[in-house]
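Just below is one structure, and these are the notes that go with it.
All of the numbers you see were taken from the coordinates with simple rules; none came from a lab. Here the structure is a predicted model, which is why all the values come from computation and not from measurement. Ideal geometry is used to build each Cβ from the backbone, glycine not excepted, and the neighbour counts take in all protein chains shown.
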Amino acid sequence: MDAGLEKRLLDLLDRDAILQVIQRMARGLDRVDNELVLSCYWPEAIDDHTHYVGGPEGFVAYADKMTLAFVSCQHGLMTHNCEIDGDDAHCETYYTFIATAAQPPHFMASGRYVDHFQKRRGEWRILKRFTVVDGTYDLSPSQSAANMSSPYAPGELQVALNRSDLSYQRPVQVRQAK
């Protein structure tokens, strides 16, 4: 293989591995899957996350408390920039966080994750993370959706803030045609 092409391929594989960590982190936070979240950090990592600054284990406890205050949560990941310098990478990833409360108003935040990743023994993980919150918003329920009946029978939608969520089913179970 051409040396330039091989270098480009390795760069793309590194970028993909880094993005997979960021996506795994978002899923872990939304599903309160602490093992998944912790797999994104090096043990000595520091997360500067608004009201929490500290190590991964403390961050997980902080994040769980926040997430479990809601009925459901979603992290949407958007623009992602990544500069790789050997075994270090410096990334910025835009996010939107939406949380549904038991009673309105619901909550939304937007901002950026600014990360320092490090590659060790072929694996990329977060060494430092700074969460920039650009805005926070109260959300009202949709008036048009309020007039619609639920498409799901009681207990039919298996959404959970843990590994019982339908996204962990292999294969996913769909409803029977009516």
Practice prompt. Starting with the fewest neighbours, write out Cys91, Cys82 ranked by other beta-carbon atoms found within 10 Å of each beta-carbon.
Written response: Cys82, Cys91
Practice prompt. Multiply the residue gap between Asp11 and Asp48 by 0.36 nm, knock off their C-alpha separation, and tell me the result in nm, one decimal place.
Written response: 10.6 nm
Worksheet item: By how many degrees, 0 to 90 and rounded to 10, does the Cα axis of helix 56-67 deviate from the longest principal axis of the chain?
Response: 20
Practice prompt. Excluding residues fewer than 8 places away in the same chain, name every one of the lysines whose C-alpha is closer than 29 Å to that of Lys7.
Written response: Lys119, Lys128
Fill in: Gaussian network model of the chain, springs between alpha carbon atoms under 10 Å - residue of Gln143, Gln103, Gln20 with greatest fluctuation
Gln143
Item to complete: Quick one: order His90, His106 by neighbouring beta-carbon count within 10 Å, fewest to most.
Response: His90, His106
Worksheet item: What length, rounded to one decimal in nm, is gained on full extension from Thr79 through to Gln176, with 0.36 nm per residue of separation minus their alpha-carbon distance?
Response: 31.2 nm
Response to the item:
Taking Cα atoms, the helix 3-30 axis meets the longest principal axis of the chain at an angle in degrees (rounded to 10) of 30
Discussion item. Counting other beta carbons within 10 Å of each residue's own, what order do Leu10, Leu139 fall into, fewest first?
Written reply: Leu10, Leu139
Discussion item. Over the chain, what is the relative contact order in percent, taking alpha-carbon pairs closer than 8 angstrom and at least six residues apart?
Written reply: 19
Practice prompt. Under 1.5 on a/c is rounded, so check that first for the chain, then, if it is not, pick prolate when a/b is larger than b/c and oblate when it is not; a ≥ b ≥ c are the square roots of the alpha carbon gyration tensor eigenvalues.
Written response: prolate
